[in-house]
Amino acid sequence: MNNFNPLIHSFPYLLRGAGMTVLMAATAAIPATVLGVVLALLQVFGNRILRASVIAYLLLVRGIPLLVLLTFAYYLLPLTGIDLPPFWGVVLVIACYYAAFMSEVFRAGILSLPQAQWDAARGLGMTRPLMLKIVILPQALRLAAPPYVSLCVSLVKATSLVSIVGLWELTMASREVVERTLAPFQVFIGAGAIYFCICYALALYGRHLERRVLHGH
Amino acid sequence: MADISSDASSTAIDVRPLARRPMLEISGVSKSFGATQVLCDVSLSVAPGEVVVVIGPSGSGKTTLLRCINLLEDYEEGTITVDGAPIGYRRRGSERIRMSERDIAAARATIGMVFQSFNLFPHMTVLRNIAAAPVRVKGAPRETAEARARELLAMVGLSDKAAEHPARLSGGQQQRVAIARALAMDPKIMLFDEVTSALDPELVGEVLAAMQQLAQGGMTMVVVTHEMSFARDIADRIVFIDGGVIVEQGKPDEILFAPRTNRVRAFLKRYNDRYRI
Ligand SMILES: Nc1ncnc2c1ncn2[C@@H]1O[C@H](COP(=O)(O)OP(=O)(O)O)[C@@H](O)[C@H]1O
Ligand SMILES: [Mg+2]
């Protein structure tokens, strides 16, 4: 067990890295979700120009690896004169990237609601914004919850890429520890276990939501 | 009746004396789905408190007619008014002008509609299903709306279900909640589209009873149904529609027992053969 001493000694450091990972993921997930809902609504209800723009955006973003986008933004942002702290730049890129996937999940949720729900809401004299707010979105988001949680799991793991552009989080912390201790296997087993625990907890929550969706409310 | 439609076409708001003004007036409505014409120049006028039952073969346009009344379905020609107020289209001279979405929504709030498949909101409790629109559409205070919702639930015999979600109710119970939900908006007219067709036979009676009670209370109703004995009981007038046109209309006993046209006779014969009445 002596072999695991480097891991045990550096574990608190790794946990602080994990804290940063969770903070970054959560900070990115919130605007990603909001933007995802907006893009979904634009795609379902927007006029032709809006719909085409959204579709072009989705195609573009989903066709490029996140790592390429992060690196690109890393070089591009300073040139545009936008003075964004690296943390926020990275959060912005991850949010824009995941919004594209989330919007598809939300759109599927909206479209899978039966026409009858719209008819009932319209028949009661609801305007479209009101229908969306109290009838359509509450149901669509519930339907979308399980795949949405999968995307959040993927988002958490994707934050490991930001160490490439020099941001400190769990993966970066692990690499630092490896440089000091020269114990890559032990340290990365520890880092992997931490990632797994975060993602497994999220996935369990997703399963719980799925059961709630399947068995009514 | 011919002068009435030209009357209505000259002004947006009907100013005839109340007693003579129909609660629902459908004038010259035509509707196509693509190349198939589903309603051909349909005109129908329903007096306040009158119960009109619409019968006809499947695919004849009954559902489409009801859906046109509250503009769930758009139509190419004609106009419809409820209590003198246009729903969807106004006439200005010979011009037909579509109302704004906001005005259309407001107009729809005056029409109650009950669907074959109930269409309750599954994520809301029964009480919220009924009180949501009065609060959010009409701006009623929540307490008032919920008190009224409980009254309506009592009326349809479901006082103990206020806190349930629709999925926990039987079809007959869900349909009675749907009726209460429509009534909560204090509609001027109620539309029923085969509201018992999706129900197990033993649950039909409770829904028909609720409608019967409503009719006795003086509600103006347009009812599409295949329940002929119910139609006979509840209808002031039966309208037979086939191929998107009104073929025949009259008192229930005239239509059901002494139809003037072969199409109605053939329809009733098919119906009686099937149900052996
Ligand atoms: N959304 C639609 N799109 C195309 N055709 C439709 C649609 N709804 C109804 N129809 C057609 O219109 C006709 C009348 O339908 P409907 O009003 O539902 O008849 P009914 O209620 O009398 O059975 C049918 O031929 C049906 O196939
Ligand atoms: Mg029908």
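Below are the figures for this structure:
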{"item": "Dipole of the protein assembly as shown, positive end: most advanced residue of B:204, A:168, A:182 [Cβ charges, Cα centre]", "result": "A:182"}
{"item": "Kirkwood Rh (inverse of mean 1/r, distinct Cα pairs), chain A, angstrom", "result": "19.4"}
{"item": "MRE, 222 nm, helices only [DSSP H, n ≥ 4, -39500 (n - 2.57), over chain B, to nearest 500]", "result": "-11500 deg cm²/dmol"}
{"item": "All lysines inside 24 Å of residue B:269 as judged from Cα atoms, apart from same-chain residues fewer than 8 positions distant", "result": "B:62, B:251"}
{"item": "Rounded tilt (10° steps) of A:86-111 against the dominant C-alpha axis of chain A", "result": "40"}
{"item": "Chain A - percent relative contact order, Cα under 8 Å, separation 6 or more", "result": "32"}
{"item": "Net charge of neighbours whose Cβ lies under 12 Å from the Cβ of residue B:46, counting Lys and Arg as +1 and Asp and Glu as -1", "result": "-1"}
{"item": "Chain A: angle of helix A:170-181 to the longest principal axis, Cα-based, in degrees nearest 10", "result": "10"}
{"item": "Protein accessible surface hidden between A and B, which excludes ligands and nucleic acids, total in Å², probe 1.4 Å", "result": "1900"}
{"item": "Cα radius of gyration and Dmax for segment A:1-121 (Å)", "result": "19.7, 68"}
{"item": "Chain A: angle of helix A:66-80 to the longest principal axis, Cα-based, in degrees nearest 10", "result": "90"}
{"item": "Residues of segment A:144-217: accessible area per residue with a 1.4 Å probe, Å²", "result": "53"}
{"item": "Surface share of carbon and sulfur [accessible, 1.4 angstrom probe, percent] for segment B:110-254", "result": "47"}
{"item": "Interface residues in segment A:176-217 - accessible area drops by 20 Å² or more relative to the isolated chain, probe 1.4 Å", "result": "A:217"}
{"item": "Alpha-carbon spread of segment A:163-217, three principal axes, descending order, Å", "result": "53, 24, 9"}
{"item": "With every protein chain in place, chain A: carbon and sulfur % of accessible area (1.4 Å)", "result": "70"}
{"item": "Cross-link partners of residue A:133 among lysines (Cα-Cα below 30 Å; sequence separation of 8 or more within a chain)", "result": "B:138, B:161, B:188"}
{"item": "For the protein assembly as shown, radius of gyration divided by Kirkwood radius, i.e. Rg to Rh on alpha-carbons", "result": "1.14"}
{"item": "Stokes-Einstein D (µm²/s) once Rh is taken as the Kirkwood radius of segment B:72-140 over alpha-carbon pairs, at 20 °C in 1.002 mPa s", "result": "151"}
{"item": "Long-range tail of P(r) for segment A:61-108 (Cα pairs > 15 Å, %)", "result": "47"}
{"item": "Nitroxide proxy distance, nm - points 7 Å out along Cα→Cβ at residue A:45 and residue B:151", "result": "3.3"}
{"item": "Gaussian network model of chain A, springs between alpha carbon atoms under 10 Å - residue of A:13, A:205, A:75 with greatest fluctuation", "result": "A:75"}
{"item": "Debye, to nearest 20: dipole size of segment A:2-216, +1 on Lys, Arg Cβ, -1 on Asp, Glu Cβ", "result": "640"}
{"item": "For segment A:129-217: relative contact order, % (alpha-carbon pairs under 8 angstrom, 6 or more apart)", "result": "41"}
{"item": "Separation of the residue A:88 and residue B:138 label points, Cα + 7 Å toward Cβ, nm", "result": "4.9"}
{"item": "Percentage, to the nearest whole number, of Cα pairs in chain B over 34 Å apart", "result": "19"}
{"item": "At least 20 Å along the helix axis (C-alpha) and Kyte average at least -0.5, DSSP helices within chain B", "result": "B:201-216"}
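The values are calculated or read from the model by the stated rules, or taken from the named source; none is laboratory data. Note that this is a predicted model, so its numbers are computed, not measured. As a convention, Cβ positions derive from the backbone with ideal geometry for all residues, glycine included, and neighbour counts pool all protein chains shown. Ligands, DNA and RNA are excluded from the accessible area calculation, which covers all protein heavy atoms including side chains. Shrake-Rupley method; radii C 1.70, N 1.55, O 1.52, S 1.80 Å.
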